[in-house]
Amino acid sequence: MLLEPRLDTFIDIETADTKPGATILSIGAVIGELGTGQVVDEFYENVEWRTATTGIDIDTMLWWSRQSEEARHAAFMVPGAPIAEVLQRLNDRCAPYKCKGYWGNGASFDISLLEAKYDSCGILPPWHFWDIRDVRTLLDVWGGDKSSFQFKGTKHHALDDARHEFRSVAVAWRQI
């Protein structure tokens with residue numbers, strides 16, 4: 001069965017907590033065509049987190065202390081912009097592509113946390129609720145997970161993670 005060409009957006013975020021209201025440290029996104037595995041565009045920005053007074057969890061910060069120096073540097077040392085500006089730039093990047101799906105790694109994390117931030121900033125996200133997709137679920141149905149694929153780049157860097165999720169789903173998509 002041939003699948004019609006489609007563009008989808010894969011979004012990954014890095015945070016200072018794992019609960020709703022978490023401080024978002026960075027946002028990475030890959031826009032790509034699942035049938036060919038071709039990346040069409042990418043987005044990456046750090047968010048100004050130093051002014052956050054909530055959404056930072058000590059256990060998550062301890063977890064970050066055990067990650068690679070490259071991941072910690074990207075998440076905490078690169079200056080960022082206010083969250084509302086970063087969300088608007090993500091919208092502007094996604095708008096021309098009219099993507100069919102917006103994928104997060106887990107049904108209740110990346111996209112849900114971003115939706116809460118969009119809401120608190122008074123900005124509509126670039127997706128509708130029916131556009132949301134879940135990387136873990138698709139890979140589970142396919143019979144594997146992200147660890148089935150070689151990781152390229154720095155783990156826990158939002159753009160490298162989004163690239164990995166896109167590559168993983170594109171392979172599974174073509175086989176399903």
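The values are calculated or read from the model by the stated rules, or taken from the named source; none is laboratory data. Owing to the predicted nature of the structure, the values given are computational and were not obtained by experimental measurement. Glycine also receives a Cβ, built like all others from the backbone with ideal geometry; neighbour counts cover every protein chain displayed. Protein only, heavy atoms only, side chains kept; ligands, DNA and RNA dropped before computing areas. Shrake-Rupley method; radii C 1.70, N 1.55, O 1.52, S 1.80 Å.
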Whether any residue in region 104-115 is of a type outside the set (Phe, Trp, Tyr), under 23 Å from Ala16 (Cβ atoms), open to solvent by 20 Å² or more (accessible area, probe 1.4 Å) and in a helix (DSSP H, G or I) is what I want to check. yes
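Checking the structure you have, find out if any residue of region 76-88 is of a type in the set (Phe, Trp, Tyr) and free of Cβ contacts under 8 Å to residues at least 24 places away in the same chain. Full working, then the answer.
Let us first name the residues in region 76-88 that are of a type in the set (Phe, Trp, Tyr), namely 76.
Filter once more, keeping what is free of Cβ contacts under 8 Å to residues at least 24 places away in the same chain: none.
Looking through region 76-88, none of the residues is of a type in the set (Phe, Trp, Tyr) and free of Cβ contacts under 8 Å to residues at least 24 places away in the same chain.
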When the residues of region 1-21 are filtered to those that are in a loop (DSSP other than H, G, I, E, B) and touching a Ser or Thr at 6+ places or on another chain (Cβ under 8 Å), which remaining residue is modelled with the lowest pLDDT? Pro5
If you go through region 133-157, how many residues are open to solvent by 70 Å² or more (accessible area, probe 1.4 Å), polar (S, T, N, Q) and assigned to a loop (DSSP other than H, G, I, E, B)? 1
Within region 93-103, the residues that are open to solvent by 20 Å² or more (accessible area, probe 1.4 Å) and either touching a Lys or Arg at 6+ places or on another chain (Cβ under 9 Å) or in a loop (DSSP other than H, G, I, E, B) (or both) are Lys98, Lys100
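Restricting to region 158-176, what's the tally of residues that are of a type in the set (S, T, N, Q) and either open to solvent by 30 Å² or more (accessible area, probe 1.4 Å) or not in a helix (DSSP H, G or I) (or both)?
Of the residues in region 158-176, the ones of a type in the set (S, T, N, Q) are 168, 175.
Narrowing further to those that are either open to solvent by 30 Å² or more (accessible area, probe 1.4 Å) or not in a helix (DSSP H, G or I) (or both): 175.
Of the residues in region 158-176, 1 are of a type in the set (S, T, N, Q) and either open to solvent by 30 Å² or more (accessible area, probe 1.4 Å) or not in a helix (DSSP H, G or I) (or both).
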Tyr44 versus (1) surrounded by 14 or more Cβ atoms within 10 Å (Cβ to Cβ); (2) assigned to a loop (DSSP other than H, G, I, E, B): which is the lone unmet condition? (2)
So which residues in region 50-92 are open to solvent by less than 80 Å² (accessible area, probe 1.4 Å), closer than 15 Å to Lys19 by Cα and either part of a helix (DSSP H, G or I) or touching a His at 6+ places or on another chain (Cβ under 8 Å) (or both), if there are any at all? Thr60, Met61
Return the pairs, sorted by first residue and then second, in which the second residue is crowded, with 19+ Cβ neighbours inside 10 Å and part of a helix (DSSP H, G or I), the first residue lies in region 137-164 and is free of Cβ contacts under 8 Å to residues at least 60 places away in the same chain and on the phi > 0 side of the Ramachandran plot, the beta carbons are less than 7 Å apart, and the residues are 6+ apart or on different chains. Gly153/Asp160; Gly153/Arg163
Within region 22-36, track down each residue that is crowded, with 19+ Cβ neighbours inside 10 Å and in a loop (DSSP other than H, G, I, E, B). Ala22, Thr23, Leu34
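If you take the residues of region 122-132 that are outside any helix (DSSP H, G or I) and open to solvent by 80 Å² or more (accessible area, probe 1.4 Å), which of them is nearest to Lys100 (Cα to Cα)? If you could, list the steps in order and put the result at the bottom.
Here is the first cut: in region 122-132, the ones outside any helix (DSSP H, G or I) are 122-128, 132.
Remaining after also requiring open to solvent by 80 Å² or more (accessible area, probe 1.4 Å): 124, 128.
On the way: Leu124: 17, His128: 10 Å.
If we take residues in region 122-132 being outside any helix (DSSP H, G or I) and open to solvent by 80 Å² or more (accessible area, probe 1.4 Å), then His128 is nearest to Lys100 (Cα to Cα).
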